[in-house]
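Before any comments, here is the structure.
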Amino acid sequence: MIIYNLGDAVLIADRWFTKYGFWAILVLRLIPFMITSAITYGAGLTNIKFKSYIVPTVLGGLPRAFLLCYLGAQLLMYLNYATFGNPYTWFFIIMALIVVLIVAVYEFLIKRKYLKQQVKINGEQAE
């Protein structure tokens, strides 16, 4: 099926959320790396009942919240070990920050200046 415009997409989402409601949102919330804003906007544009939205949102969000807490705790434990247990840790942290700084300088200063020069050369209006 080809969606021709946004109105068709909203009608399809409305039918889908109305038909599957609770289970659709629960499954979508449980999918790893799913953009939850898309689910929220999609459900907000439809006629889904509040209870059919909020319960699966909470239930589907709990595993993600626990996983993120667990990974954060593991990262913190690793950084504490790495910081105190490995003398080269600060070297790598400083090197990573230098690389990020170089990329940021390139993106925000050099690249922007180059693009402005190209716009002036082509005769287009610079922003």
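With respect to (1) open to solvent by 60 Å² or more (accessible area, probe 1.4 Å); (2) modelled with pLDDT of 85 or more, the lone exception for residue 18 is condition (2). Scanning the stretch 39-63 for residues that are modelled with pLDDT under 80 and assigned to a helix (DSSP H, G or I) yields one hit, 42. Taken over the stretch 68-127, residues that are modelled with pLDDT under 75, among the polar types (S, T, N, Q) and open to solvent by less than 90 Å² (accessible area, probe 1.4 Å) amount to 5.
The values are calculated or read from the model by the stated rules, or taken from the named source; none is laboratory data. Keep in mind that this is a model prediction, so the values were computed, not measured. Areas reflect the complete protein model, heavy atoms only, side chains present, ligands, DNA and RNA absent. Shrake-Rupley method; radii C 1.70, N 1.55, O 1.52, S 1.80 Å.
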